[in-house]
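Engineer: Here's a structure for you.
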Amino acid sequence: MPPRKPYCPKPHPPLPAIRKPGTMTPALPASLLRAPGVDVPPTAATPLRPNLWAVLRDSVGMDLTRIALPVFFNEPLSFLQRLAEDLEYYHLLARAAAAGPGPTRTALVAAFFVSHYSSTAHRASKPFNPLLGETFDLVVPGAFRLVAEQVAHHPPISAIHASGDGWTYHTAHEIKNRFKGNSLEVWPEGNVYVTFDDGDHYVYEQAHTYVHNIIVGGLWLDNVGTVVIREVSKGKLLASVKLKRSALLFGEAKKVGDFSGKVCDVGKGGKAGKVLMKMDGNWNSEVRVDGKSVWTATQRPTKKDTAGHAMTAWAWGLNTKLEPGVVGSEVPKTDSRLRPDQRALEEGRYREAAAEKERLEDAQRRKRKEGVCERPRWFELVDEASTGRKEWKYRGGYFECKRERSWPDDLPDIF
């Protein structure tokens, strides 16, 4: 890599004006971008699901990650691909990198955090639990690239690393949950790290998601919590974003997705000091900073056009079949897009999906009992200087193998 240019402070530019809706996100590579309805099998009518209460009635208060749910409650993505959904609006990080250190960058990182939740609306299905050693990658030429890997099974931990022009993003999540009878609380445990080439380093955690009326009533989803996004290299700026709990009127949710926030300097004891910018909007649709719109969500395809799974166009593209010889098709045999149960579910072959899911889970349990444990190939557990915690970080080598189309001979046959 060429040496970095020395950092020279410059005045903070004003927040850029928004572009027209639908133009904020560069498209996925043509090989991965699926038009609405493409690859949806004509006979993929979803069968009647088994009664959820019959499955979960003995699990109130338990950790649902340890329960094998029927495949009918899944969507055709693995959790590694769900992690990649958080990068859909990566252009916000590119804009933050270009803005330089200061309140404008902090506001754009906060807008990027809010954008994570735009894909969650109406998404109550469960992604597939990745198998130990499972991987996923995405390369958007000229924009960014990412790689994710399942690095632990008990507890299940998924790690992801992404980098673009002037920025790097990484996190490792263990999904926690709390089942309360007619609602489910889910939250990813683990810090998110965003670093810029000029030395700025932001750290934040994610909010809690609540799925309501999963047994009785109209199912709906809410993202709730106050999240502080800190610049930790200099320690002079932070953003505080409050995702507001939705109001209920006659049992129906109102004002789902509203949030408020502020960018502040850091006062005594690390608390928020003087307010420099104000934020508001809705995680379903838009972020405004000082009254100016800096992000809008792209239009979603209909549920019918994504095989009944209520995915965004970005998410629908993440499980595109890989065709030999096209950009992005050079993946190892551990890639999520090669999972037979996941592919069968997307194509409406439900009995096959259920049988394959059971086969893969039984094989993983058998390996664990026999003491066979796949070691993480692309990530390693190291000290994170900014927080003093142990974190799973990318060790390198994946994209070199991808470029050469040559993968290690000892990769596990997990599928």
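Engineer: With a point put 7 Å past each Cα toward its Cβ, work out how far Trp407 is from Ala272 in nm, to one decimal.
Structural biologist: About 4.6 nm separates the two model spin labels.
Engineer: State the percentage of accessible surface on the stretch 264-333 attributable to carbon and sulfur atoms; use a 1.4 Å probe and exclude ligands, DNA and RNA.
Structural biologist: Carbon with sulfur: 53 percent of the solvent-accessible area.
Engineer: Between rounded, prolate and oblate, where does the stretch 66-202 land on the alpha carbon gyration tensor, with a ≥ b ≥ c its root eigenvalues, rounded for a/c under 1.5, else prolate if a/b exceeds b/c? If you can, show how the numbers build up before the last one.
Structural biologist: Numbers: a/c = 2.15, a/b = 1.77, b/c = 1.22.
Prolate shape, in that a/c is at least 1.5 and a/b is the bigger ratio.
Engineer: With label points built 7 Å along Cα→Cβ from the Cα atoms of Ser125 and Ser183, find their separation and express it in nm.
Structural biologist: About 2.5 nm separates the two model spin labels.
Engineer: Of the accessible area of the stretch 345-413, with the probe set at 1.4 angstrom, what percent is carbon plus sulfur?
Structural biologist: Roughly 44 percent of what the probe reaches on the stretch 345-413 is carbon or sulfur.
Engineer: Would you please give the FRET efficiency between Lys234 and Lys390, computed as 1/(1 + (r/R0)^6) with r the Cβ-Cβ distance and R0 = 25 Å, to the nearest 0.05?
Structural biologist: With a Förster radius of 25 Å, E is 0.55.
Engineer: Return one whole number: the accessible area per residue of the stretch 141-206 in Å², for a 1.4 Å probe.
Structural biologist: 31
Engineer: A follow-up question, please. Near Pro376, within a Cβ-to-Cβ distance under 12 Å, what is the net charge of the other residues, with Lys and Arg +1 and Asp and Glu -1?
Structural biologist: Computed value for this residue: 0.
Engineer: Accessible area, 1.4 Å probe, largest first: how do Ser260, Ser158 sort? Don't jump to the answer; show the numbers that get you there.
Structural biologist: On the way: Ser260 40, Ser158 5 Å².
Per-residue accessible area, sorted high to low, gives Ser260, Ser158.
Engineer: Dipole of the stretch 168-218, Cα-centred, from +1 at each Lys and Arg C-beta and -1 at each Asp and Glu C-beta, to the nearest 20 debye?
Structural biologist: Numbers: 3 positive and 7 negative charges, 104 e Å.
Charge dipole, the stretch 168-218, about its Cα centre: 500 debye, nearest 20.
Engineer: While we're on this one: With every protein chain present, what accessible area does Glu400 have (1.4 Å probe, heavy atoms only), rounded to the nearest 10 Å²?
Structural biologist: Solvent-accessible area, nearest 10 Å²: 80 Å².
Engineer: If the chain between Arg368 and Thr302 were fully stretched, how many nm would it gain, using 0.36 nm times the residue separation less the Cα-Cα distance?
Structural biologist: 19.7 nm
Engineer: Would you mind working out the accessible area per residue for the stretch 262-414, using a 1.4 Å probe, and quoting it in Å²?
Structural biologist: Averaged over the residues of the stretch 262-414, the accessible area is 54 Å².
Engineer: Further, regarding this structure: Quick one: accessible surface of Cys264, probe radius 1.4 Å, all protein chains present, in square angstrom to the nearest 10.
Structural biologist: 0
Engineer: Highest mean first, how do 220-230, 267-277 rank when packing is the count of other Cβ atoms within 10 Å averaged over residues? Working shown, then result.
Structural biologist: Working: 220-230: 19.4, 267-277: 11.9.
The packing order, highest mean first, is 220-230, 267-277.
Engineer: State, to one decimal in nm, how far the label point of Leu219 lies from the label point of Leu381, with both points 7 Å from Cα in the Cβ direction.
Structural biologist: Result: 3.5 nm between the two label points.
The values are calculated or read from the model by the stated rules, or taken from the named source; none is laboratory data. Computed from a predicted model, the values in this text were never measured in an experiment. A quick note on method: Cβ atoms are made from the backbone with ideal geometry, for glycine too, and the neighbour counts reach across all protein chains shown. Areas reflect the complete protein model, heavy atoms only, side chains present, ligands, DNA and RNA absent. Shrake-Rupley method; radii C 1.70, N 1.55, O 1.52, S 1.80 Å.
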